[in-house]
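Asks: Below is a structure I'd like to ask you about.
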Amino acid sequence: MSDDHFEPVYGLPGFLPAGEKILWQGAPDWKGLAFRALRVREVLAYFAFLVVLELVRRLGAGDLQASAFSGLALTAVLGSAACLVLGVIAYLSARTTVYTVTNRRVAIRTGIAFTFTINLPFVLLDSVDVATRRGGDGDVLLTLARSERLSYAMVWPSVRPWHYRYPQPLLRCIPQAQRVGELIARAVAESGATVSVRRRTEAEVVTAPPREAVAA
């Protein structure tokens with residue numbers, strides 16, 4: 001991992017060593033991050049529920065004066081502001097995140113205020129799981145050996161949700177996720193290691209509890 005202020009190669013902290021070449025580069029879709037990582041849809045639904053609940057209560061009480069609806073307007077404004085802030089965070093995260101696959105490693109450049117690059121040599125990979133959605137976009141989960149530890153906060157949002165003890169990198173909301181997962185597995189095989197690609201549902205990848213939590 002390195003802290004980068006200058007990129008000699010887009011998305012990477014330094015020039016490529018001899019024999020290394022870039023096979024694929026991509027970035028998360030900001031709308032996907034907004035709806036799936038930052039849960040904008042759920043936040044919007046929560047504030048809408050509050051507005052409807054308060055509206056029903058006031059109608060039931062016969063309180064139909066204009067001043068009675070000021071609280072409803074405030075709730076709606078706060079809900080809209082919260083969704084806007086989350087949307088901006090998602091957009092900036094997508095703009096500053098670059099996923100790079102070479103014939104030797106996977107690199108994740110991330111960070112809005114401070115940019116970091118996380119390098120994941122193939123030898124660290126334990127498995128590759130792919131979850132696709134309609135249209136072909138999806139997530140590629142890179143499970144690391146238990147001896148390897150990452151900072152959850154530093155890798156976010158490119159990390160598997162809820163897995164704090166053993167953070168797992170996640171190439172999130174990328175196009176042609178199945179092809180990218182197979183490309184990684186092929187590159188790993190050509191490097192002399194073996195990593196299989198497993199197809200998973202989105203729920204298994206982004207909402208399944210950690211194994212240690214299940215065992216507990």
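No value in this document is a laboratory result; all are computed from the given coordinates. Because the structure is predicted, anything quoted here is derived from the model rather than measured. Neighbour counts are summed over all protein chains in view; Cβ atoms, including those assigned to glycine, are modelled from backbone coordinates with ideal geometry.
Asks: Would you work out the charge dipole size for segment 130-189 about its Cα centre, treating the Cβ of every Lys and Arg as +1 and the Cβ of every Asp and Glu as -1, and quote it to the nearest 20 debye?
Replies: 100 debye
Asks: Now a separate question. For each of T97, T201, count neighbouring Cβ atoms within 10 Å of the residue's Cβ, then give the residues from fewest to most.
Replies: Listed from fewest to most nearby Cβ atoms, that is T201, T97.
Asks: Okay, helix-only estimate at 222 nm for the chain: each DSSP H run of n ≥ 4 adds -39500 (n - 2.57), divide by all residues, round to 500 deg cm²/dmol; what do you get?
Replies: Taking each H run of at least 4 residues, the total per residue is -11500 deg cm²/dmol.
Asks: Further question on the same structure: For helix 177-190, report the angle its Cα long axis makes with the longest principal axis of the Cα atoms of the chain; keep it between 0 and 90° and round to the nearest 10°.
Replies: 20 degrees
Asks: Please report how far the C-alpha centroid of segment 24-41 lies from that of segment 146-203, rounded to the nearest whole angstrom.
Replies: 16 Å
Asks: Quick one: Karplus J couplings for segment 152-164, per residue in order, coefficients 6.51, -1.76, 1.60, θ = phi - 60°, nearest Hz, x for Gly and Pro?
Replies: Values per residue, Gly and Pro as x: 4, 5, 6, 7, 3, x, 8, 8, 5, x, 6, 9, 7 Hz.
Asks: Using per-residue counts of other Cβ atoms within 10 Å, averaged over each peptide, order 14-20, 112-118 from highest down.
Replies: 112-118, 14-20
Asks: Now, a different point. Neighbouring Cβ atoms within 10 Å as the yardstick, rank D129, D29, D139 fewest first.
Replies: D29, D129, D139
Asks: Here is a follow-up. Helix 40-61 versus the longest principal axis of the chain: what angle, 0 to 90°, nearest 10, using Cα atoms?
Replies: With both axes taken from Cα atoms, the answer is about 10 degrees.
Asks: Let me see the pair-distance distribution of segment 13-157: every alpha carbon pair, 10 Å bin width, integer percents in order.
Replies: Computed distribution, short to long bins: 9, 28, 26, 15, 11, 7, 3, 0.
Asks: What does the charge count around S158 come to, taking other residues whose C-beta lies under 11 Å from its C-beta (Lys +1, Arg +1, Asp -1, Glu -1)?
Replies: Surrounding charge for S158 is +2.
Asks: To the nearest 0.05, how large is the calculated FRET efficiency for K31 and W156 if R₀ is 25 Å and r is the Cβ-Cβ distance?
Replies: E(calc), rounded to 0.05, equals 0.90.
Asks: Compute the long axis of helix 70-96 from its Cα atoms, compare it with the longest principal axis of the Cα atoms of the chain, and write down the angle in degrees, 0 to 90, nearest 10.
Replies: Helix 70-96 sits at roughly 10 degrees to that axis.
Asks: Can you list residues whose amide H is under 5 Å from G14's amide H, if they're 5+ apart or on another chain and H is modeled 1.01 Å from N?
Replies: V9
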